[in-house]
Each structure stands twice: as structure tokens, then as C-alpha cells.
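The values are calculated or read from the model by the stated rules, or taken from the named source; none is laboratory data. All values reported here derive from a predicted model rather than from experimental measurement. Cβ placement follows ideal geometry from the backbone for every residue including glycine, while neighbour counts extend to all protein chains displayed. SASA here: full protein model, heavy atoms, side chains in, ligands and nucleic acids out. Shrake-Rupley method; radii C 1.70, N 1.55, O 1.52, S 1.80 Å.
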Amino acid sequence: MPKSALITGITGQDGSYLSELLLSKGYIVHGLIRRCSSFNTSRIDHIYADPHEQGRRLVLHYGDLTDPTGLRRVIETAKPDEIYNLAAQSHVKVSFENPEYTADADATGTLRLLDCVRDHVEHTGREIRFYQAGSSEMYGAAPPPQDEHTAFYPRSPYAVSKVAAHWYALNYREAYKLFVSNGILFNHESPRRGETFVTRKITRALGRIVAGLQDKIYLGNLEAKRDWGFAGDYVEAMWLMLQHHEPGDFVVATGEAHSIREFLHEAFSYVGLDWEKYVMVDPRYFRPTEVDYLLGNPAKVREAFGWRPSVSFKQLVRMMVDHDIQLGEQDRMIQSTRYPSEVSVAAKA
Ligand code: NAP
Ligand code: F7E
């Protein structure tokens with residue numbers, strides 16, 4: 001029998017890479033998606049399988065971490081061997097604006113899912129292995145480098161919610177002897193990164209600058225430092241955690257940190273531009289409490305699974321810039337073709 005996995009947050013950056021990885025390993029992949037008035041599946045459209053297809057291995061279910069009865073039904077239907085809980089309101093700045101929703105989805109949502117697993121395991125006697133998507137944001141103001149022994153000091157409603165989810169996961173591991181692992185992942189990026197996270201915001205704007213579609217980019221704090229890796233590498237670490245002989249808590253990071261300024265320099269100089277001519281600082285992007293310096297120590301995952309990042313900082317920046325230069329060119333083409341039709345519509349009106 002092929003293994004089956006349920007991924008919450010399948011439409012997100014990590015969900016899409018993880019789905020590809022699990023399908024390539026022969027899994028049947030179940031994904032939780034939210035009903036939305038416009039399509040939200042662009043990251044998984046290339047692996048989507050029509051429900052009428054025989055033997056399809058990707059099955060999508062409507063659901064939401066704020067809806068426990070729906071979650072219970074999905075688990076009963078999918079009967080997964082592994083659950084990857086990636087769903088979250090994942091934007092730190094937005095969590096200051098929607099703190100209660102962030103806590104409901106990210107903290108209580110994790111508790112709801114764990115409780116469904118607890119009951120399912122108890123009633124059926126099946127084993128379900130559970131991955132919880134924890135974050136380096138949980139370390140917040142704790143000085144670098146951070147590892148599994150560093151005390152959490154969260155600095156946003158998002159980070160506080162992730163700390164709660166981490167402890168719920170750990171408590172369910174100890175109380176009910178469930179196989180639950182917490183990944184503590186440092187920032188990981190890709191061409192599929194949401195466009196309001198700083199790396200993608202920069203590369204997307206750069207692509208449009210090169211295409212002649214904009215000449216400014218407004219950013220917040222340029223001094224913060226992050227340990228940025230490639231999302232494709234990080235989903236492999238998630239999978240490895242659930243194949244390990246015992247559950248645990250694992251930091252996943254590159255062990256190298258760079259400031260936003262350094263990211264800007266790397267990206268703009270790659271296409272022969274000086275970033276200082278295009279970047280404006282706008283305080284609207286400052287956070288009420290900032291996380292200044294995140295630098296992970298990945299020694300434990302290296303020793304436990306031999307995991308190492310395969311993409312360097314420079315390669316990551318270039319991969320994202322190359323992708324967004326193409327997207328900028330597409331934007332330019334769409335803009336130039338839209339203009340004549342808008343003119344003809346206006347002429348008819
Ligand atoms: P992402 O691109 O923002 O994706 C988040 C996913 O969660 C999307 O599929 C989203 O659905 C879904 N979602 C949001 N609220 C939900 C709810 N109430 N119920 C069900 N689904 C919901 O995030 P990501 O970068 O892939 O990150 C994956 C996970 O890892 C998140 O939990 C994030 O907090 C955590 N994390 C990320 C990083 C990183 O650097 N990327 C680092 C550490 C931890 P829609 O598509 O419908 O919005
Ligand atoms: O900000 C600064 C900002 O939003 C990084 C999420 O995936 O990783 C992510 O959270 C830094 C911060 O990521 C802008 O102040 C400057 O210091 O790209 P970000 P994040 O907050 O680190 C962690 C690990 C997660 O778990 C989260 O889910 O960049 N910054 N100017 C800016 N940030 C944004 N977004 N936009 C700016 O204009």
C-alpha cells in the first residue's frame with residue numbers, strides 16, 4: 001500500500017514543494033484548501049489531478065483550521081499515515097493587525113488538529129505521524145545563534161501563536177505518546193514565496209524595474225538579519241523528521257545570516273543596478289516590535305539525518321531574480337497588449 005499524507009496549507013509555498021516531494025516518493029497526497037472567491041491553487045495547478053481521473057494521487061478537500069468538524073471529517077476520510085500542519089496566517093506584520101485570527105488559526109488551529117489525531121489514533125489503533133511547522137520567529141529577541149536549547153522570546157502575535165502551537169505539539173507527544181515532531185524552520189524562500197515577504201517583494205519589484213514598469217520600491221527596516229535558505233531543501237527536512245525512529249524538535253537553517261541591505265545588494269548588482277537609487281524607506285513597513293537577528297545552528301538535523309542545504313545565499317537570490325525578471329517581462333507584454341483593447345472598449349462606449 002502506498003503511504004498517504006495530509007498537508008494543511010497545501011496551496012502555500014511549502015505545501016507546493018512538499019506535495020511534489022511526496023508525490024515523487026509514491027505517496028497519495030491529500031491537501032486541505034480554503035474556499036476562496038478567486039482561485040488560490042496557482043502553486044499546485046501543475047500537479048492538480050481531475051477528480052474524474054482514475055488512480056489520481058492528489059486529492060483536495062475543503063477545510064479550515066478554524067473549523068474542527070471539517071478537520072475531523074477530512075482525517076476520517078483521508079486516513080493519513082502522516083500529517084504536515086503547514087497552514088497558518090504566516091505574515092508577521094499582518095499578525096499585529098489581525099492578532100486574534102492569527103491565534104485562532106495558528107495556535108488553536110494546531111490544537112484542534114492534534115485533538116482530531118488523538119481521537120482517530122485512539123479509536124482506530126492506526127499510527128499517524130504529525131509534523132508541526134514551527135518558526136525561528138519563536139526565538140524573536142533571543143541572541144544569535146539559536147538552536148534547540150535556546151529559550152523562546154516571541155516578538156509578535158504570530159510568534160506567540162507558533163510558540164503555543166509548539167508546546168501543544170510537545171504536550172500531545174508526551175501525554176498521548178503520539179509521534180509529533182516540531183520543525184523550527186528559519187526563513188526559507190523561493191520563486192513561489194508570497195509577494196509581501198521581503199525577499200520576494202524585492203525580486204518581484206526588481207523584475208518590474210528591469211521591464212521598465214516601476215522605478216521605486218518602498219521597504220521598512222533594512223538592518224534586520226535573517227538566515228535565508230531555499231524552501232525546496234526545507235521540505236525535505238520536514239519529511240525526514242517523520243521518517244526518523246523517534247519524534248523530536250529540530251532546527252532547520254543554513255547557519256549563515258544576511259541583512260536586508262545585503263539581499264538588496266546581491267539582487268540589484270546581479271543585473272548591474274545600484275539598489276540605493278531605487279529603494280525608499282517607508283515607516284509603514286516597520287513592526288511594533290522587530291526581530292533583529294536570526295541565525296540558526298542546524299547541527300542536530302545534520303547529525304540526525306545528514307540534512308544540509310543545497311542552495312547557497314547567492315544561488316537563492318539569483319534563482320528568484322531570474323524567475324522574476326521573466327515575470328516582469330510577462331507583465332510588460334500583458335500591459336502592452338491590454339492597452340489597445342482598453343482603447344477600443346473606450347471608443348465603443
Ligand atoms: P504560506 O505560503 O503563507 O502558506 C500558508 C498556507 O496556509 C496557505 O496554503 C494558506 O491558504 C493556508 N492557510 C492560512 N490560513 C488557513 C486556515 N485558517 N485554514 C487552513 N489553511 C490556512 O506559508 P509558507 O511559507 O508555505 O509556510 C508554511 C508554514 O511554515 C506556515 O505555518 C508558516 O507559518 C511556517 N513557517 C514558514 C517559514 C518560511 O520562511 N516560509 C519559516 C518557518 C515557519 P491560502 O492559500 O488559501 O491562503
Ligand atoms: O521579513 C524586514 C522585516 O516578512 C523579514 C515568515 O515566513 O519568516 C517569515 O517572517 C525582515 C523583517 O519575514 C520589509 O521587518 C523590511 O525584519 O520577509 P519577512 P519574517 O518576518 O522573518 C519566518 C521564519 C516565519 O515563520 C514567517 O511565517 O524584513 N522588512 N522591509 C520587510 N518585511 C516585509 N515583509 N516587507 C517589507 O517591506
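Data table
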item: Residue 134 touching a Leu at 6+ places or on another chain (Cβ under 8 Å) and assigned by TED's automatic domain parsing to the domain that holds residue 18; result: yes
item: Any hit, region 263-280, residues being of a type in the set (S, T, N, Q) and either within 15 Å of ligand 2 (Cβ to nearest atom) or open to solvent by 80 Å² or more (accessible area, probe 1.4 Å) (or both); result: no
item: Residue pairs meeting the criteria (Cβ under 8 Å; at least 6 apart or on separate chains; first closer than 15 Å to residue 179 by Cβ, in region 99-122; second polar (S, T, N, Q) and within 16 Å of ligand 2 (Cβ to nearest atom)); result: 113/8; 113/85
item: Candidates 311, 210, 317, 301, filtered to the one that is within 30 Å of residue 97 (Cα to Cα) and touching a helix residue (DSSP H, G or I) at 6+ places or on another chain (Cβ under 7 Å); result: 317
item: Number of positions in region 49-83 that are part of a helix (DSSP H, G or I) and open to solvent by less than 50 Å² (accessible area, probe 1.4 Å); result: 5
item: Residue 233 vs. criteria within 15 Å of ligand 1 (Cβ to nearest atom), open to solvent by 10 Å² or more (accessible area, probe 1.4 Å) and either among the aromatic types (Phe, Trp, Tyr) or within 22 Å of the chain's Cα centre (by Cα) (or both); result: yes
item: Complete set of residues in region 202-216 that are within 14 Å of ligand 2 (Cβ to nearest atom) and crowded, with 19+ Cβ neighbours inside 10 Å; result: 202, 203, 204, 205, 206
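Here's the yes/no breakdown for (1) more than 23 Å from residue 242 (Cβ to Cβ); (2) away from ligand 2 (no atom under 15 Å from the Cβ); (3) surrounded by fewer than 24 Cβ atoms within 10 Å (Cβ to Cβ):
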site	(1), (2), (3)
126	no, yes, yes
129	no, yes, yes
135	no, no, no
155	yes, no, yes
162	no, no, no
